[in-house]
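First up is the structure itself, then whatever we jot down about it.
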Amino acid sequence: MQNVYAAWTVKHKPKSLKEVVGNKEAIQKFVNWVKSWDKGIPKKRAAFLYGPPGIGKTVTVEALANDFRMELVEKNASDYRTEDAVKRFAGLASQYGSLFGGKRIILLDELDGLTGSADRGGVRAITEIIKTAQCPIVLIANNAYNPRFSTLRSRCILIEFKKPRASDVLKHLKRICLLEGIQAEENALKFIANRSEGDIRSAVNDLQALAQGKKRLTYDDVSWLGYRDRQATIFNVLRMIIYAKTCDGARKAVNMADVDIDMLFQWIYENVPSHLTDPHDLAGAMDALSMADVYRGRLRRTRNWSFTRYIIDFMTAGVAMARVNSKPSGWIPFRFPKRIQMLSRSKAERALQLRIGYKIRRKCHMSAHRASKEVLPYLRIIFKNNVEMAAGLAKWLDLDREMIEYLTEDEEKAEAIVKSLS
Amino acid sequence: MSFEMWAEKYRPKTLDDMVNQKEIVERLKSFVKSRNVPHCIFAGPPGTGKTTAALCLARDLYGDAYREHIMELNASDERGIDVVRETVKTFARVRSIGEVPFKLMILDEADNMTSDAQQALRRTMERFTETCRFILICNYSGKIIEPIQSRCAPFRFTFLPREEHDKHLKWIANQEKLDLKDDGLEAIFEVCAGDMRRAINTLQAAASLNKPVTAEVVYSIAGRANPADVRRLIETAMKGKFVEARKQLRDMIQKYGVAGSDIIRQIHTEIFKTDIPERWKIILADVVGEIDYRLVEGSDEEIQLSALIARLVETGHELRKAG
């Protein structure tokens, strides 16, 4: 009997290029390059596949080797720590045909794992091997534009892998459910697919964690997942920022957060008061956040993204350095930003406000954005208090029922207004 | 009975109707007479007649069919460079038929245009001067890039003098058969700070209550930055309760839609009324002023105002320490 506990990411890994999810263009480019080796050594002897984690870069190479019956020699970060280690398998690259008569392809995976001092010379050694390689060499990294790879890049054909669409991830999840004999609600799978943000590996892992051993998977089974795992890391990041002893320490913590800067900003803003309890420290920290926000404004207006670094300086180091008198607290939990809760709840509301704004704009010579902020509060008062005037305005502005209900906050009143309109 | 937004209903239609901004109106009339208009920047605080002046100018220039000769664009809604490249250019390049050989492009809230879009606009303005004149409307001309400023005739709009403000509102109240009390008028001026559009909107909202418009009515509808709320906010902060004060602030901004600039103006007023040593009042005025400035520069009103609240918390702490 097959091991039921095998990781589904391995068990259901695509065996053939046809099964690989998304990235059709990138895969085609890669296939063409590998095929070109049959006509002699191409100009670029290495292909550099790059893109975010979990989207099928390695799987593509493995599937290709399988489809083309090539011998795949795979090395990952743990294998090529130093120049010497790389040279040791250099010999492999000197022949296209392998011992057994098939063709060979060499894969150097997880290139991001090469760290500065430990892998000294590693990148240089790889570059050397590529120069004289007699068989296709494939490099894989998340970020090909890391300055460390600059010389390497010029010797490679660069192939970008993008996050597959949620619909593609969904298709893959459905296939696995079929194979595992699980009846899953479309909603449930959609939720997992969306949450993965294109990371197929994490989506499959989530699916396994939730569905293994079950016959049915419902939306309720998955919806609680929420942002559970993300929060664990954000707590650490917040701790590192607020209690940092050096500016660098605080600034570096940003790289560890897997939320964007705006979101991290909200987390810091929410939690600063409970951790910097001394009034001077608090005022200093809030001042730093205020300056970070000033740079956000400047960035927005000028579209000069390099201002991001000052935003980070102030929101991390600025906050950390403000902590002078506050004692490190024993254990104060970090709280989810209230504003984010309010914002997400009111997202639909703001969309509706803006739609009303556009109606106002058609009549009142002002932007929809401004109208939705400046005129709307007055409309609300009128709609709550004066059916006759409200009906007149609703007609003049051509408001629909949803808008009228929103402005009156009262179905009966809305009904009365709609009635007097017809 | 017909209903419109009064701010539109009573918007002056021609330059002759415009009772305020006398000097500006005179200059605009001379443009109409000579049938020539330079590129213009109308700068000034909200509700002082900038958009109205542009529309009146257009009507006087082209007559009742003025809409065929002008285009109104709102940079807050369409602020990207693509709009300048496509919409503006397409409009600007085609010659107008009629007595006046050029069209008018009214770019409202132009200070919300990205600098990229402004750069693109600059070339468009130059290339199509023959066929199209631009009126840029903004609150702060400083947010318009220099090269555009230097190509435009500047017009600075100022707040209506108190008498004009009162006269206009009384006239509207009269037209609408409204009982506008003196203290109501006073309250409108205090709440709207001379912003005519807001003043008229406030008046209309007050009218919807079907009772005499008193100060109490005005404050209740402008339930917005109510002085009592602001006072309570300051007190809470001075007592050292930052989180609670922040919540009060959040309610004001999110629930009641009070503008940050509104709150800060009132905090400024209140500070000089509170019972703290005189020396501290001027220290706080500096803090308020700094945050007021950052409010314009920054992107998030709540963040800026909470920074101010934190300063108030700090001040309260210092004062208690000093006894």
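The values are calculated or read from the model by the stated rules, or taken from the named source; none is laboratory data. Just so we're clear, the structure is a prediction, and the values are computed from it rather than from any experiment. Note that we place each Cβ from the backbone using ideal geometry, even for glycine, and neighbour counts take in every protein chain shown.
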| query | Are any of the residues in segment B:177-192 crowded, with 19+ Cβ neighbours inside 10 Å, closer than 30 Å to B:E68 by Cβ and within 14 Å of chain A (Cβ to nearest Cβ)? | reply | no
| task | Working only within segment B:65-81, note down all residues that are assigned to a helix (DSSP H, G or I), within 14 Å of another protein chain (Cβ to nearest Cβ) and farther than 21 Å from B:E146 by Cα. | result | B:Y66, B:R67
| message | When you check B:E4 against the structure, is it more than 23 Å from B:L121 (Cα to Cα), over 20 Å from the mean Cα position of the chain (by Cα), within 14 Å of another protein chain (Cβ to nearest Cβ) and in a loop (DSSP other than H, G, I, E, B), yes or no? | response | yes
| query | Which residue out of B:R95, B:R85 is outside any loop (DSSP other than H, G, I, E, B) and of a type in the set (K, R)? | reply | B:R85
| query | If we scan segment A:302-315, do we find a residue that is in contact (Cβ under 8 Å) with a residue 24 or more places away in the chain, away from chain B (no Cβ under 14 Å) and surrounded by fewer than 21 Cβ atoms within 10 Å (Cβ to Cβ)? | reply | yes
| Residues of segment A:367-397 satisfying the condition of being more than 15 Å from B:A7 (Cα to Cα) and more than 7 Å from every other protein chain (Cβ to nearest Cβ) | A:S372, A:R380, A:F383, A:K384, A:V387, A:E388, A:A390, A:A391, A:A394, A:K395
| query | In segment B:26-50, which residue that is buried (at least 21 other Cβ atoms within 10 Å of the Cβ) and among the aliphatic types (A, V, I, L, M) is nearest to B:F102 (Cα to Cα)? | reply | B:L28
| query | Out of B:R127, B:R95, B:R156, which single residue is closer than 18 Å to B:F42 by Cα and not small (G, A, S)? | reply | B:R156
| query | Filter segment B:240-269 for residues that are buried (at least 16 other Cβ atoms within 10 Å of the Cβ) and charged (D, E, K, R); which is farthest from the other protein chains (Cβ to nearest Cβ)? | reply | B:R265
| Among all residue pairs at least 6 apart or on different chains, which show Cβ distances below 6 Å where the first residue, located in segment B:203-225, is within 11 Å of another protein chain (Cβ to nearest Cβ) and assigned to a loop (DSSP other than H, G, I, E, B) and the second is at pLDDT below 90 and crowded, with 23+ Cβ neighbours inside 10 Å? | B:R224/B:V258
| task | Could you please find all residues in segment B:263-296 being among the aromatic types (F, W, Y) and in a loop (DSSP other than H, G, I, E, B)? | result | B:F272
| Any chance A:D313 is at pLDDT 95 or above and farther than 27 Å from B:Q254 by Cβ | yes
| message | I need the full set of residues from segment B:252-262 which are touching an Asp or Glu at 6+ places or on another chain (Cβ under 9 Å) and assigned to a helix (DSSP H, G or I), in order please. | response | B:M252, B:I253, B:Q254, B:G260, B:S261
| query | So how many residues does segment B:270-295 have that are within 14 Å of another protein chain (Cβ to nearest Cβ), over 13 Å from B:V230 (Cβ atoms) and touching a residue at least 24 places away in the same chain (Cβ under 8 Å)? | reply | 6
